[in-house]
Amino acid sequence: DGASDAQLSAIDGIAKEFDLTVEKLSEIIKHFCNEMDKGLSKNGMTVPMIPSFVTGIPTGNEVGTFLALDLGGTNLRICEISFEGKGAIKIKQQKHKVTENLKAGPSHQLFDFIADCVDKFLSEYTEFVTVQPGVHDRKLKLGFTFSFPVEQTAINKGTLIKWTKGFTCPDAENKDVVFMLQEAMKRKNVPVIVTALVNDTVGTLLSHSYKDPNTLIGIIYGTGTNGAYFEDIPKIKKINFSDDSQKKMIVNIEWGAFDSEKKVLPLTMFDNKLDRESNNPHYQIFEKMISGMYLGEITRNILLHLIDRMLLFDGYSSKDLNRHYSFETEYLSTIEADETQTLDDTKKILEELLNIPSTTLIDRQIVKRACQMVGLRAARLSSASLAAILIHCDKVECGSSVGIDGSLFEFYPHFSARIKKALQELFGANADKIKISLARDGSGVGAALAAMLAAQK
Ligand code: ADP
């Protein structure tokens, strides 16, 4: 038996709402370009366009060894990165879990912990320097990837605006992050000088540029989404940058906030429900339609809607499916990749992981279609921000490379192919000149490159 007319008409109706025509994409792109211009000319705009103070583009020929620290979530990562020229890189790294106590306690404890970890790393891992007694200027240069909102005023200066992602150390907000880290290094006698502070998108862009000097854009599709690109310094009208020898600066777009006014994004009732129930309603609207943290929840909202109308699972949900964020974005990946005749992998997720009492093949086909709609729309929206940057930088004709990091991009089936297809619809044959590739773990390498570029000044 096939699906009933009521099922078909419901799912087709939802599909229509998730559909993003090339005309709609063009409208979104136009608005995105306008918002970029606004953000470049004034502070405090919806799309903040934050200057990174990273100037200069890696050539791939740089050589030297630098340290990198990455703080932004569950783990603190410490890397020693050796650039060997011709795009070749060697990395050693160590990870430490950041405990809940450290995330919430006084900030000097968090930064002392970081300094201790660096000290441990240096004594266990590095071969390349031994700081000789009495020689004080042979300090290791360190680039710091700090993925929280920061108001940056120089390559090595930036004030924490607000903690996110579960960090709350009460006395750190409005303080200079580099200063706090440097002071801890001093307290612990760790021979390190913090020369650069970067966002993870900036790091991803830099690391990809080292391998491919034609790189224009760095993107994260992980828990959240954001992008950075090389901008002509005179176009960043809101800053007065006096160094005439530099032509380009990386700008961190912070595009998750795009269209939080809800002017052009085609929000459905499923998106609005997610936003209303989130811990930051009205914020990060674009991110909520695209990134790993949210795609599962949008899908869950669709499924619950169909269940409530008795069009799915015979009207039965489960305790698990009723729980917020229980439908993980990984499930979408598995379901979209499920090519078995009877959708067995999908069945496992629904019946074994989410404890739905029983499912029919038609139920599972409907679930798969819901996942496809959500995943396809996310990829097409992603192509819009990418296209807007290419248009803004006048690179549609000549093409560019794009480095992308994040589990969503790495693991979600067809994500990259769907972006490419949308770019073809928008740009025709010129789309072939846009090279999109995975830039895994780029942020550590990028922070080290930022430290190197800063040291060259
Ligand atoms: P982060 O952005 O936190 O640094 P990641 O790039 O690993 O780290 O992104 C984590 C996000 O990716 C999570 O929201 C998770 O839901 C999503 N994710 C992880 N694995 C997959 C997968 N196989 N398919 C789709 N999404 C995934």
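None of the figures in this text is laboratory data; all of them are computed from the coordinates on show. What you see is a predicted model, and the numbers here were worked out from it, not measured in a lab. Every residue, glycine as well, gets a Cβ built from its backbone with ideal geometry; the counts of neighbours run over all protein chains shown.
A few remarks follow.
- When DSSP beta bridges are restricted to pairs lying wholly in the chain, around 65% turn out antiparallel.
- Two-site FRET efficiency, THR74 against LYS188, from Cβ-Cβ distance with R₀ of 25 Å, rounded to 0.05: 0.60
- Shape category assigned to the chain from the gyration tensor of Cα positions, a/c cut at 1.5: prolate
- Of the DSSP H helices in the chain, those whose Cα atoms cover at least 30 Å axially and whose Kyte score averages -0.5 or more: 361-392
- Ordered by the count of other Cβ atoms within 10 Å of each Cβ, fewest first, ILE298, ILE91, ILE285 give ILE91, ILE285, ILE298.
- With Rh defined as the Kirkwood radius, the inverse of the mean 1/r over Cα pairs, the Rg/Rh of segment 208-277 is 1.11.
- Less than 5 angstrom separates the built amide H of LEU438 from those of ILE404, all sequence-distant by 5 or more or on a different chain.
- For segment 319-343 versus segment 40-102, the spacing of their alpha-carbon centroids is 34 Å.
- Its relative contact order, with pairs defined as Cα atoms under 8 Å and 6+ residues apart, puts the chain at 21 percent.
- Here the Karplus relation 6.51 cos²θ - 1.76 cosθ + 1.60, evaluated at θ = phi - 60°, turns the backbone of segment 85-98 into coupling constants of x, 6, x, 7, 9, 10, 10, 10, 8, 9, 10, 10, 6, 8 Hz, with x for every Gly and Pro.
- The length gained by stretching the chain between GLN246 and LYS421 to full extension, at 0.36 nm per residue less their Cα-Cα distance, is 59.4 nm.
- Relative to the Cα centre, the charge distribution of segment 373-450, modelled as +1 at Lys and Arg Cβ and -1 at Asp and Glu Cβ, gives a dipole magnitude of about 220 debye.
- With neighbours defined as other Cβ atoms within 10 Å of a residue's Cβ, the residues ARG187, ARG77 order from fewest to most as ARG187, ARG77.
- Cα-centre dipole for segment 317-457 with unit charges at Cβ (Lys and Arg positive, Asp and Glu negative), debye to 20: 420
- Look at the dipole of segment 343-457 built from charges on Cβ: of GLY428, ILE404, ALA454, the Cα furthest out on the positive end belongs to GLY428.
- Computed about its Cα centre, the charge dipole of the chain is approximately 1120 debye, with only Lys, Arg, Asp and Glu carrying charge at their Cβ.
- Cα lying deepest toward the dipole's positive end in the chain, options ILE391, ALA196, PHE111, charges on Cβ: ALA196
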